[in-house]
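> Got a structure for you, questions after.
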Amino acid sequence: MAGRSVNGRHGLRGHAGRTAALARLLHKECIQLLELYRNSESLPSSPVDGGYLVSVPPLVPQLSDAEKICILHAALKECLRLLEDVITREDEEFSNEDSEYKRKRKTVRDRLGHLLASTEQLLVDGQKFEAKVKEELDGQVASGSFGLKMWIVRVLQDLVHWTGQTSDTLRSMPAEMEKAPKTMSRRTRRGAGKIKK
Amino acid sequence: MGGLRQSRGTFPPREKKRPRRMIAPLEEDNFRKTAADSSCGFKAVNTLYRNSLSCGAVGTTQADLIANGETGEPLLVQNLLSSIMSLRILCALLFSLIAQTEQDGHPVPIEEVKLYSEEPYCASSDCGAWVLNVTWRDKFAENNEYEKVSYDIVVLRTEQMTTVHNETIHVMPDKTSYYHWKWTSPIPLQCTSHSVKLRRHNEHDVGEWTPLYTHEGQDINAAKTTIYPRDQVFMVGSNVTFCCIVETDKVPLSKFLNRISNRTYITEPIPYKESDVPNIHCCVEGNSSGSSVFIAYPPDDQNLTCITRNLSSVECHWETGRKTHLHGDKKTSYTLNGRDCKLDNKCVIRAETKQVTKWTLIAKNPLGVKTLTDTADPTHRVWLRAPSDISHDAYARNVSLWWHWNEENYALLPMICQVNLSGRIYNETFNGVGLSSIVLKNLQPFVKYTAQVRCGSLKHFYKWGDWSKITEFSTKEDIPEAVDVWIHYSEQNTSVLWKPLTQQQSHGIITGYEITIENPKDASRKIYKELNTQLCYNITSGNEESDRIIRVSAKNSAGLSPPSTIIIPSYPDNEVDISLISSSNGSFEMSWEEYPYSTCGYVVEWFPTYKKTQCAVEWKKISECDTCAFDSWNQSGAIKEGVRYTVSVYACTDDSPKLLKRSEGYAIEKQPGKVEHLEAKNKGRNVELSWAEVPLEQQNGFIQGYKVITLLSGSETINNMVLIKEPQVNLKLDPGSYTFRVSAFTSGGEGDYAATTMKVENSNDQMITATIVGCSAATLVFIIITVLCHRKRKWLKKLLYPDIPEPKLAGKWITKGIYCTQMTEGYIKCEIQEVHGLEHPAMSESLHGLDLISSNSKVVPAQHFYKNFSESPADVSYCPVEKLTSVIENPSYNMTILDSFDVAQIFDLTLEMQDAYLPAPNFVQNNFVVKDSYKPQSASPTNA
């Protein structure tokens, strides 16, 4: 493992700890961002139906932490892409005046970029995984502005979910990482067929 | 289609007999209207309901029942509803036949009725249509060209058959016989189906109603929960009514409270303000939906102004005004003379030069259109760009500036240019065709300048163009200006002084001064060059027989300044009376009579009176005053406070300066310093205080007097305070210790005090004299009294000490006297003398002159005596009376030694004597001798 050999055991653990703290912070900010958006748009606080936009295989216990991180990294990457779509579309369609929501949105975007860079360093042997997105922004045009807003809520819900998942996984990771194999097990690799090297 | 003249109102009077429906209040003013020629196409589905009016009433009732029976009534009610429905259909068929029959009898002239809706601007289709268009053809109108025709139009919500609008319109006949009427619904037309019927009537006849023509709503075939309107733009302050079409048997949870059809619910009109968030949610179990609309303003752009900057294109600018709150594809779009503009406040189009051109800006957004126009000849609207690449070529007193124009068309344009020179507009403008260089004159040598250039059209000046970038340059050095020279005479020396040149005067860096002293008599000349920073030169005064001419020049890299000349007379005339000058608002003001021989004005010179620094002299030259008899000078600022100045006025002549007046004074007086050498002398109670004046350098003003404060030493209580002008004072004080404080004061205040202490006492001579006089007087009086007493001693004796008459003894009496004498060895010897008298006169007479005096002596131990004497009188009984009595009984001189003795007995005896005669006994305690004070002169010779 390149990362392991470079950073050493303790270095990796330290980096994982910092990444976990970053994920935890980002998770809180995503919750705040969703709350700000709902308040600014007077939208109901109940979750929007339809499940999460970003789709990945379930994070079953049989997966190693490295595999979980790889999957979550892919999910976060899609979240960042969706958030950037949201920013672009919102600034086009709605007011681009400065607001607390806009400032928080920028903070979340920047921090999500940092989290992605940080989790990327935890990936083992350059593992890659591609997450899927169920509903893209283009499909929301027909449903009008309200549909777009609902879609934005869903993106923010995904952000909350996946940053929370990442935070939880990273927090439990350091002890596990010491025991984890340096390469993916055959079983896991078969199970997560979409993971590429 | 002919034009319509609409009127709101009721049906004609004769229609009152007809069954009428209540007409809902019209709310079309609250809803936006869209131009009739909208691009939206026909979307109506024309359905002919062949129900008669009366059947419609039945239908409405039934519709109401249907509306109320959706929540699961009992089976009986459902059966009843089924029966009513069947009856309604039957009734409808029956009345359709009847109506057809009536139409056959009175054919309805209105045909080709078409209904269609038009949607406002919105990004997505089917966002909500509010305007219902109705067109029809009146075949009777073709034949009655001059007959005024009216149409009654009724709009109903089809499902409930509720009339939502009725109106009578009056139209002029039209050969085309096609008519068009539009109605704005209070709810989107998609919410539910709307039906329209018309009838024609003129002055004489009323036609029959047409069948109902229906515009179908989306509640008929919507597959999921749908809200109208959505994604539409409304004006700030609008009241918007939303409808939610739900699936059959579903009910929205909130807001959508009013049911208008089987599947459609509407909200109350919602007023929207500028800051409101227009999102509405239709919560239905299992299939919710929502809508967002936009609350905005129409365009508010103003002040379109078109100019040309390059003479080939026109730039039009405008102010956007109030925010519209629209963004993206809904924001305001602009077209200028039909061409789209990309920016929100500026648009560029090609200019048609030398022609008056009209520019029209159309600002458009979903809420409205605003048109702005501007008309001008572009050549009258020239706004030149900034000159570029500005450069310079500087000399000592002028500079040339060059620049380039980036626009080719400027080359032939007559223009006027302006220069901003170091922050100030240069007082000259420059004209020329395609001007690209200018020369600035009258600049100061050796000065840094900044310059900017801007230009405008000369022929039709519109406004100045942009300023060029700033260019910096420095002019070169030039010879300095002549220095200001003066001469100062002191007691011993003569000095030539000159003032340093300012930056504007020096025209460069002054490297030194050059002095030339000429003696015209012998034509000698001395030149002193090494005076780099010196501003004063002492001229040794010999016994010159002629005036000397002094010339002073300043020097810089460009050369010497023109020499300044002053003449030193061989015999300076400096003798004038010195007067005092008073200050005026912190400055000196001198005035003097005009000197007739003054040729070049006057010079006022001033210097500190008490500072004998040679070069600390200032002066000011005053130009000649031709008309006034008095010249004056006022100097402030450069004069220090509390310093005494000597101010002199000289007349400037062709010869040496002539001293006219000299004064001394303070511009601003301050508190003086302390007085010195304070001394106090006293002569008895007179105290003389004296002191020396404040030193001249410390006076700080004209001393107006002194303040003397007398205090009792150790106290701050002022005993006396005196203000005097002289430096001494006499005070008369009571004896005591005093502190004297003396301070000088000027108009600037009171200075610090000097203090001394002195004790004031009475004179010794007086005391001695008084004592001697007193004693002498007392002695004299004593002598006089003594002499008088001696001469009158008999009289006095008689007066004061008359002879005592002999006692008249009536019986025997005893007089006792006790005499005690201190003995050795602690014993006191006491004697008791007794005088025995006779009770009877006969007996007394026999004893006359022979008083029996018995004396008993007894030696008593002193301790015992002391003891008994010190004891309280209560112990009087200690002495037995019998023994004493026995002693008295023996009139002879037999000695009886008492065993004990008690002083109380003595008292008793004495008291007994007192009863007999005055004065009181004299008891001498310290000698322990108690004597009877009475000593009759006839006593025994032992007493005498």
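> Starting from residues that are part of a loop (DSSP other than H, G, I, E, B) and of a type outside the set (Ser, Thr, Tyr), keep the ones in the range B:495-504 and report whichever is nearest to residue B:558 (Cα to Cα).
Out of the qualifying residues, it is B:501.
> Follow-up. Report yes if some residue within the range B:216-224 is small (Gly, Ala, Ser), free of Cβ contacts under 8 Å to residues at least 12 places away in the same chain and in the same structural domain as residue B:172 (by the TED database); otherwise report no. Before you say what the answer is, go through the steps one by one.
Taking the range B:216-224 as the starting set, the residues that turn out to be small (Gly, Ala, Ser) are B:217, B:222-223.
Pick out the ones that are also free of Cβ contacts under 8 Å to residues at least 12 places away in the same chain and you get B:223.
This time we only want the ones that are in the same structural domain as residue B:172 (by the TED database), so: B:223.
The answer is yes, given that some residue of the range B:216-224 is small (Gly, Ala, Ser), free of Cβ contacts under 8 Å to residues at least 12 places away in the same chain and in the same structural domain as residue B:172 (by the TED database).
> Filter the range A:76-104 for residues that are exposed (fewer than 14 other Cβ atoms within 10 Å of the Cβ), outside any helix (DSSP H, G or I) and of a type outside the set (Gly, Ala, Ser) and give the result.
A:96, A:97, A:98
> Okay, next question. For the range B:624-641, which residues satisfy the criterion of being closer than 22 Å to residue B:653 by Cα and either modelled with pLDDT of 80 or more or of a type outside the set (Ser, Thr, Tyr) (or both)?
Matches in the range B:624-641: B:624, B:625, B:626, B:628, B:629, B:630, B:631, B:633, B:634.
> Determine whether the range B:350-370 contains at least one residue that is aromatic (Phe, Trp, Tyr) and either over 51 Å from the mean Cα position of the chain (by Cα) or within 14 Å of chain A (Cβ to nearest Cβ) (or both).
Yes, the range B:350-370 has at least one match.
> So for the range B:318-325 (the condition being in contact with a Ser or Thr (Cβ under 9 Å, 6 or more places away or on another chain), among the hydroxyl-bearing types (Ser, Thr, Tyr) and within 14 Å of another protein chain (Cβ to nearest Cβ)), does at least one residue qualify? Before the answer, list the steps.
So in the range B:318-325, the residues in contact with a Ser or Thr (Cβ under 9 Å, 6 or more places away or on another chain) come out as B:318, B:320, B:324-325.
Then keep just the ones that are among the hydroxyl-bearing types (Ser, Thr, Tyr); that gives B:320, B:324.
Adding the requirement that they be within 14 Å of another protein chain (Cβ to nearest Cβ) leaves B:324.
Checked against the condition, which is being in contact with a Ser or Thr (Cβ under 9 Å, 6 or more places away or on another chain), among the hydroxyl-bearing types (Ser, Thr, Tyr) and within 14 Å of another protein chain (Cβ to nearest Cβ), the range B:318-325 yields at least one hit.
> When you look at residue B:694, is it surrounded by 12 or more Cβ atoms within 10 Å (Cβ to Cβ) and touching a Phe, Trp or Tyr at 6+ places or on another chain (Cβ under 9 Å), yes or no?
Considered against the rule, which asks whether it is surrounded by 12 or more Cβ atoms within 10 Å (Cβ to Cβ) and touching a Phe, Trp or Tyr at 6+ places or on another chain (Cβ under 9 Å), residue B:694 comes out as no.
> When the residues of the range A:40-55 are filtered to those that are of a type outside the set (Phe, Trp, Tyr), open to solvent by 30 Å² or more (accessible area, probe 1.4 Å) and over 30 Å from residue B:275 (Cβ atoms), which remaining residue is nearest to the other protein chains (Cβ to nearest Cβ)?
Filtering first and then ranking leaves A:50.
> Please go through the range B:664-690 and give me each residue that is among the hydroxyl-bearing types (Ser, Thr, Tyr) and crowded, with 20+ Cβ neighbours inside 10 Å, ordered by number.
B:666
> Is it true that residue B:723 is aliphatic (A, V, I, L, M), open to solvent by 90 Å² or more (accessible area, probe 1.4 Å) and closer than 25 Å to residue B:678 by Cβ?
On the way: aliphatic (A, V, I, L, M): yes; open to solvent by 90 Å² or more (accessible area, probe 1.4 Å): yes; closer than 25 Å to residue B:678 by Cβ: yes.
Here the answer is yes, as residue B:723 does meet what is asked.
> Another question about this same structure. May I ask you to say which residue of B:476, B:529 is within 55 Å of the chain's Cα centre (by Cα) and among the charged types (D, E, K, R)?
From the options B:476, B:529, the qualifying one is B:476.
> Checking the conditions here, which among B:274, B:203 is more than 14 Å from every other protein chain (Cβ to nearest Cβ) and in contact (Cβ under 8 Å) with a residue 24 or more places away in the chain?
B:203
> Where residues in the range A:113-157 are away from every other protein chain (no Cβ under 14 Å) and among the hydroxyl-bearing types (Ser, Thr, Tyr), which of them is nearest to the chain's Cα centre (by Cα)?
Here the residue is A:119.
> Suppose the filter is among the hydrophobic types (A, V, I, L, M, F, W, C), open to solvent by 20 Å² or more (accessible area, probe 1.4 Å) and outside any loop (DSSP other than H, G, I, E, B); does residue B:702 pass it?
No, not satisfied.
> Quick check on residue A:107: is it in a helix (DSSP H, G or I) and farther than 30 Å from residue A:173 by Cβ?
no
> Would you confirm whether any residue within the range A:132-146 is at pLDDT 85 or above, closer than 16 Å to residue A:81 by Cα and buried (at least 19 other Cβ atoms within 10 Å of the Cβ)?
No, there is no match, as no residue in the range A:132-146 is at pLDDT 85 or above, closer than 16 Å to residue A:81 by Cα and buried (at least 19 other Cβ atoms within 10 Å of the Cβ).
> In addition: What is the residue count in the range B:207-254 for residues that are within 15 Å of residue B:129 (Cβ to Cβ) and among the basic types (Lys, Arg)?
Counting residues in the range B:207-254 that are within 15 Å of residue B:129 (Cβ to Cβ) and among the basic types (Lys, Arg) gives 1.
> In the range B:345-403, which residues are of a type in the set (A, V, I, L, M, F, W, C), open to solvent by 80 Å² or more (accessible area, probe 1.4 Å) and in a loop (DSSP other than H, G, I, E, B)?
B:356
> Starting from residues that are within 14 Å of chain B (Cβ to nearest Cβ) and in contact with a Phe, Trp or Tyr (Cβ under 8 Å, 6 or more places away or on another chain), keep the ones in the range A:18-39 and report whichever is least open to solvent (accessible area, probe 1.4 Å).
My answer is A:37.
Conditions (1) in a loop (DSSP other than H, G, I, E, B); (2) touching a helix residue (DSSP H, G or I) at 6+ places or on another chain (Cβ under 6 Å), marked per residue:
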residue: B:418; (1), (2): no, no
residue: B:428; (1), (2): yes, no
residue: B:438; (1), (2): no, no
residue: B:442; (1), (2): yes, no
residue: B:451; (1), (2): no, no
residue: B:461; (1), (2): yes, no
residue: B:469; (1), (2): yes, no
residue: B:481; (1), (2): yes, yes
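> Another one. Across the range A:82-102, what is the total count of residues that are away from every other protein chain (no Cβ under 12 Å) and without any contact (Cβ under 8 Å) to a residue 12 or more places away in the chain?
The qualifying residues number 2.
> Residue A:107 passes all but one of (1) under 12 Å from the mean Cα position of the chain (by Cα); (2) polar (S, T, N, Q); (3) open to solvent by 20 Å² or more (accessible area, probe 1.4 Å); which number fails?
Result: residue A:107 fails condition (1) only.
> Right, here's the next one. Of all residues in the range B:277-291, which are surrounded by fewer than 22 Cβ atoms within 10 Å (Cβ to Cβ) and either of a type in the set (Gly, Ala, Ser) or more than 10 Å from chain A (Cβ to nearest Cβ) (or both)?
Matches in the range B:277-291: B:284, B:285, B:286, B:288.
> Please give the strands (runs of 3 or more DSSP E) falling wholly within the range B:505-612 in which 1 or more residues are under 18 Å from residue B:484 (Cα atoms).
Hits in the range B:505-612: B:512-519, B:524-531, B:536-539, B:548-556, B:564-568, B:602-608.
> Against the condition more than 14 Å from chain A (Cβ to nearest Cβ), assigned to a loop (DSSP other than H, G, I, E, B) and either at pLDDT below 90 or surrounded by fewer than 22 Cβ atoms within 10 Å (Cβ to Cβ) (or both), how does residue B:147 come out, does it pass?
yes
> While we're here: Condition check: open to solvent by less than 20 Å² (accessible area, probe 1.4 Å), in contact with a strand residue (DSSP E or B) (Cβ under 7 Å, 6 or more places away or on another chain) and modelled with pLDDT under 95. Does residue B:412 satisfy that? Write out each step before concluding.
Numbers: open to solvent by less than 20 Å² (accessible area, probe 1.4 Å): no; in contact with a strand residue (DSSP E or B) (Cβ under 7 Å, 6 or more places away or on another chain): yes; modelled with pLDDT under 95: yes.
When the stated conditions are applied, residue B:412 does not pass them.
The values are calculated or read from the model by the stated rules, or taken from the named source; none is laboratory data. These numbers come from a predicted model, not from an experiment. Positions of Cβ are backbone-derived with ideal geometry, glycine not excepted, and every protein chain shown enters the neighbour counts. With ligands, DNA and RNA removed, areas are computed over all heavy atoms of the protein, side chains included. Shrake-Rupley method; radii C 1.70, N 1.55, O 1.52, S 1.80 Å.
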